[in-house]
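Novice: Here it is: the structure, laid out below.
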Amino acid sequence: MERLTLDYLPREVLAKLDLETTFMASRLVIEAERLQVFRKLQNKKLSADKIESILNIHPRYLIFFLNALVSLGLLHKKDDVYWNSHLTEKFFIQERSIYWTRQFSTEGVENFRRFANLEKVLVSGKDYREVMKQEPQSYIEEFHKDPKQAEDFTYMLYYYHQQDAQALAQHLDLRDFRKVLDVGGGSGVMSITLVKQYPHLCASILEIEPVCKTAQQIIHQQGLTKHINTIVGNMNEDLPIGYDVIMFCDIGSVEENLLKKAYNRLPRNGMVVLVDRYLSEERTDPLDSILHQFIGSSFPIETHEEMVDQLHICGFKNILKKNIYKDVWMITGRT
Ligand SMILES: C[S@@+](CC[C@H](N)C(=O)[O-])C[C@H]1O[C@@H](n2cnc3c(N)ncnc32)[C@H](O)[C@@H]1O
């Protein structure tokens, strides 16, 4: 999935965007996504009156809201009629699924709230939840409480990780392996792509229960139920045996004891595969991973070289690392 980075915006729009304006403009675009403005205008030209009747925006702000989106190059306007620009049709409709629109905009609103507390976080050194007096909640608790969110999140990642999965299938040679354990495998996007590339493979997605349900739907839609199954489990408790490849893809920091467990569960000549957006040597990239550290990120805090060292410490041999797509690194080790 291609994301709308600022370099896609027309020059005259970029020229208006100093850093402070960008912060407010981003929040406005996130709100447009929350209200699904672009989806409601897809292939349509609608008057402000008509838009007012389908969007829940007070007349006091409606025209300002729509005109700001015109100013950003996301809508066009003639008299009082509005429609999506080509940029919008490409990035907000064609490139993203409805799950992305819903989930990402929900997370976007929450992230803005968290960033409002940045000063307190920076000064106190506390976690943003402590500063905001929120109870720490794990993934598992959140998804059990709200299975709809688990579904949106899982489908969102299924679309979002397509290119990462293609890159993995292109760079990971699994001709000599038979069974893959995809730990925290989410939608199964990585396993699905690997099984399509290597039809002799079988894979199991180890996941929490609400995510397993969505993964099963996707595996079924892809016609791969004979090759891929789901296992309800908790990676922090145990890992099953019987696999010659154990993968950890985009699950944040993989702790030493989990890697040691993986080492002990693999047969001789088995393989561990790590795929994530590890930090650069100077820890100055990827920028969004760094920014998320202030608001409760689950992105890894290790550099790719530190993960190589971790694999060595846990006993793995023949360790290889490769930058496979944009900021995404693949690191493999053998038992
Ligand atoms: C960012 S997603 C990545 C999903 C998938 N690997 C991918 O590349 O698209 C992280 C996944 O880890 C799962 N997860 C988090 N904690 C877990 C745990 N303790 N046991 C099993 N799965 C867990 C989450 O449910 C989520 O689906």
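The values are calculated or read from the model by the stated rules, or taken from the named source; none is laboratory data. As the structure is a computational prediction, the values presented were derived from the model and not from experiment. Heads up, the Cβs are rebuilt from the backbone with ideal geometry, glycines too, and the neighbour counts pull from every protein chain shown.
Novice: For residue 271, work out the one condition from (1) free of Cβ contacts under 8 Å to residues at least 60 places away in the same chain; (2) away from the ligand (no atom under 16 Å from the Cβ); (3) crowded, with 22+ Cβ neighbours inside 10 Å it doesn't fulfil.
Specialist: Single failed check for residue 271: (1).
Novice: For the stretch 124-177, which fully contained helices (runs of 4 or more DSSP H) count at least 3 residues that are under 20 Å from the mean Cα position of the chain (by Cα), modelled with pLDDT of 90 or more and not hydrophobic (A, V, I, L, M, F, W, C)?
Specialist: 147-160, 162-171
Novice: What number of residues within the stretch 281-295 satisfy the criterion of being buried (at least 17 other Cβ atoms within 10 Å of the Cβ) and out of contact with any Pro (no Cβ under 8 Å at 6 or more places or on another chain)?
Specialist: Selection size over the stretch 281-295: 1.
Novice: Still on this structure, please answer the following. Looking only at the stretch 77-123, which residues are in a loop (DSSP other than H, G, I, E, B), loosely packed, with under 14 Cβ neighbours inside 10 Å and in the same structural domain as residue 65 (by TED's automatic domain parsing)?
Specialist: Hits for the stretch 77-123 are 79, 80.
Novice: Then there is this: Can you give me the number of residues within the stretch 33-76 that are small (Gly, Ala, Ser) and not in a helix (DSSP H, G or I)?
Specialist: 2
Novice: Okay, moving on. Give 179, 148 a once-over and let me know the one that is surrounded by fewer than 16 Cβ atoms within 10 Å (Cβ to Cβ), away from the ligand (no atom under 16 Å from the Cβ) and not aliphatic (A, V, I, L, M).
Specialist: Criteria check complete, one pass: 179.
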